[in-house]
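J.: Please find one structure pasted underneath; my questions will follow.
Coordinate-derived values only; no laboratory data. For clarity, every value in this text was computed on a predicted model and none was experimentally measured. Heads up, the Cβs are rebuilt from the backbone with ideal geometry, glycines too, and the neighbour counts pull from every protein chain shown.
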Amino acid sequence: MNGMMYMRGSRHDFDGRAKMGNPGWSYQEVFPYFLKSEDNHQATTMEAGYHGVGGPLPVGQFPYHPPLSHAILQASLELGYQARDLTGALHTGFAIAQTTSKNG
């Protein structure tokens, strides 16, 4: 279960697959397909260059954020962690997740 959250696989996982003899599966090689598939409704407010628009997969913020999600994000900031665009350059940190749902 992914709870309708949108997350890409880790750059290191893709690069590991390529190193194991799977040509075409490095992160750099699959990245253009992520961009092509996305219709990210918040691409202009996210990390530049890491989000696509116009693709078949709707990506955006959940319409409702439980108070607990904001409390966890605030606690992570107080502990010195960074809030990040988890589909941007760095895939570790804390963020309010995006969803692949549309009209609901």
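J.: What are the residue pairs meeting all of these: first residue in segment 6-18, first residue farther than 17 Å from residue 50 by Cβ, second residue assigned to a helix (DSSP H, G or I), Cβ atoms under 6 Å, and 6 or more apart or on different chains?
T.: From segment 6-18, no pairs qualify.
For (1) in contact (Cβ under 8 Å) with a residue 60 or more places away in the chain; (2) exposed (fewer than 15 other Cβ atoms within 10 Å of the Cβ), each residue gets a yes or a no:
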site: 47; (1), (2): no, yes
site: 52; (1), (2): no, no
site: 63; (1), (2): no, yes
site: 68; (1), (2): no, yes
site: 73; (1), (2): no, no
site: 78; (1), (2): no, yes
site: 84; (1), (2): no, no
site: 92; (1), (2): no, yes
site: 101; (1), (2): yes, yes
